[in-house]
C-alpha cells in the first residue's frame, strides 16, 4: 500500500472537517505573517522570508484599487501553480456570498478560503454558509458583532479588516481596538445584560456568552489591511491580535524580500524594541500608500460585509 | 519547576496554558538567554519552515541543541519535524532524533483529521484512548537506533516516537482537554 492509499484509509477512520481541525490550522498560524502573492515566484520569496502561509491572488489590493471594475476569484490554474511551488499553507479569496467560487477553491485544494471584502461582493445580503465546507474560512470584521456573525456562519478564523491596499495602518488599529475593546467591556457585563447586548450588535447569543467566558474571540484573530512596516506589525501584535496579514505592503515596496523577513521577525519579537529597531534598518522604501482620510466612503473596502 | 515553550511562532500559548494547569511555570523562549534555568522544553505546532528560519535569525539552533543534549525536549507536529534528523527536504532542523519524517503526509488542510489513539506509555493508555488532532500533519516513516514508536494510527502509520528524553508527536495534545501527554513529558523530566 502506498502512502496516499494509506492516508485515504485512515481518513475514513478519522474525522475530517471538524471545528477543531478547521480552527486548529489557524492556531498553528499564530504569531506568524500571511503574505499576499500573485505568482509562484513571489510565493517562494514569501516562504523563504518565513511566511506561515500565502494568500494567492491575481492582483494585490493596491492594484485592485487602481484597476477598478469587478474583482473576482483568481484563475484556479494560477492558484494551483502557487500550491505546487510552496510547502506552507495556501489561502485564496472568494467574493462575499459567492459559494460557487468557494466550492471551486475547495476542489483545487486550497488550505483556507478568505471570503473577502477586497473582492467585489457577489451578494449584498448574505455571506457563504461556511459550515457546508470541509475547508476552513477566514472572514473580515470591523467590530465584535460582525466577527461573531461570521463565526456563527462557520468562519474558523477572523481578521480585522483595516483598509486593504492603502499602506495606512489607521483602520487596522481602529478595527482591532474596537473588537478587543468590546470584548473587554463584555467581560465586565453581568450575565443578564448579554441577551440585549447580543440583540444590539446582531450577534448570536451563545457566541456572545462564549466570548465573555473565554475573554477572547472563540477563534484566532489576525490583523489585516494597511500593514506596511515591521513597526506596524508589532503595533498590531501589542494591541492584542494573534498574527498578521500583509497584502500590498511587501510586494509593492522597493525591496520585498528583506521587508518580508523583517515583518516576520517583528511579529515574533513584537515586545522587544531593540530587535524591532534592528530589523527595521535599511529596508528601502515602503509602499507609497494612500491616506485612508483621503478616500471617499464608496472607495473604502471595509464597508463591504453584512 | 520551569519548563520552556519555544515561542517564535505557532500555538505556544496552548502549551503554556496546559503546563500552568498542571502547576508548572511555563517560560516563553525567544532568545538563547531564555533557556537558562529551564528543566525541559516544548517545541509547539506551527510552520516548521518559519520556526526554522527564526531559529537561525536569532542564533538559537546551537543553544537548543546543547540544551537538548542535557534536558528533555518534546516537539508537536512542526516540533517533531524540527527534532528529526531526516525530513526529506532542505530546511533548518535541530536534527536530534533518529527518526525519518514526512511532512504534510496526509494531504492538505481538507484532509486534516481527528482520531483516537492507543498510547500504552500514557496513564490508562491501554484502556482510555487519546484524542489526537492531526493538522496538515507529518508522519514517521522510520525510526533508528534507540528511537521507538509509541503511537500508531489504526492502519499502522507511526505518529509518535520517543528516544530517551526526547519526545515527538505528529499530533497536537495541546489542542485537547487531555493533559496525559503533558504529564508524561513532566515525568520524563522528573526521572
Checklist entry - For segment B:132-191, which fully contained strands (runs of 3 or more DSSP E) count at least 1 residues that are modelled with pLDDT under 95 and out of contact with any helix residue (DSSP H, G or I) (no Cβ under 8 Å at 6 or more places or on another chain)? => result none
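Per-residue answers, yes or no, for (1) more than 25 Å from residue B:49 (Cβ to Cβ); (2) modelled with pLDDT of 95 or more; (3) buried (at least 24 other Cβ atoms within 10 Å of the Cβ); (4) touching a helix residue (DSSP H, G or I) at 6+ places or on another chain (Cβ under 8 Å):
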| position | (1), (2), (3), (4) |
| --- | --- |
| A:37 | no, yes, yes, yes |
| A:52 | no, yes, yes, yes |
| A:67 | yes, no, no, no |
| A:82 | no, yes, yes, yes |
| A:86 | no, yes, no, yes |
| A:90 | no, yes, yes, yes |
| A:108 | no, yes, no, yes |
| A:114 | no, yes, yes, no |
| A:145 | yes, yes, no, yes |
Checklist entry - Mind checking which residues of segment A:50-68 are free of Cβ contacts under 8 Å to residues at least 40 places away in the same chain, more than 21 Å from residue A:108 (Cα to Cα) and in a loop (DSSP other than H, G, I, E, B)? => result A:68
Next on the checklist: Against the definition (touching a residue at least 12 places away in the same chain (Cβ under 8 Å), surrounded by 23 or more Cβ atoms within 10 Å (Cβ to Cβ), within 14 Å of chain B (Cβ to nearest Cβ) and part of a loop (DSSP other than H, G, I, E, B)), how does residue A:264 come out, yes or no?
Outcome noted: no
Next on the checklist: Considering only segment A:41-50, I want to know if a residue exists there that is over 20 Å from residue A:226 (Cβ atoms) and modelled with pLDDT under 95.
Outcome noted: no
Next on the checklist: Please count how many residues of segment A:87-106 are within 14 Å of chain B (Cβ to nearest Cβ) and either within 18 Å of the chain's Cα centre (by Cα) or more than 18 Å from residue B:106 (Cβ to Cβ) (or both).
Outcome noted: 10
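Let's see how each residue does on (1) within 13 Å of another protein chain (Cβ to nearest Cβ); (2) under 21 Å from residue B:174 (Cα atoms); (3) not in a loop (DSSP other than H, G, I, E, B):
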residue	(1), (2), (3)
B:66	no, no, yes
B:79	yes, yes, yes
B:82	no, yes, yes
B:89	yes, no, no
B:94	no, no, no
B:99	no, no, yes
B:104	yes, yes, no
Checklist outcome for this item: Of the residues in segment B:42-59, those that are surrounded by fewer than 23 Cβ atoms within 10 Å (Cβ to Cβ) and not in a helix (DSSP H, G or I) number 2
Checklist outcome for this item: Those residues of segment B:23-58 which are over 19 Å from residue A:51 (Cα atoms) and either touching a residue at least 40 places away in the same chain (Cβ under 8 Å) or within 14 Å of chain A (Cβ to nearest Cβ) (or both) amount to B:24, B:28, B:29, B:31, B:32, B:33, B:34, B:39, B:40, B:42
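The values are calculated or read from the model by the stated rules, or taken from the named source; none is laboratory data. As the structure is a prediction and not an experimental result, all values here were calculated from the model. A quick note on method: Cβ atoms are made from the backbone with ideal geometry, for glycine too, and the neighbour counts reach across all protein chains shown.
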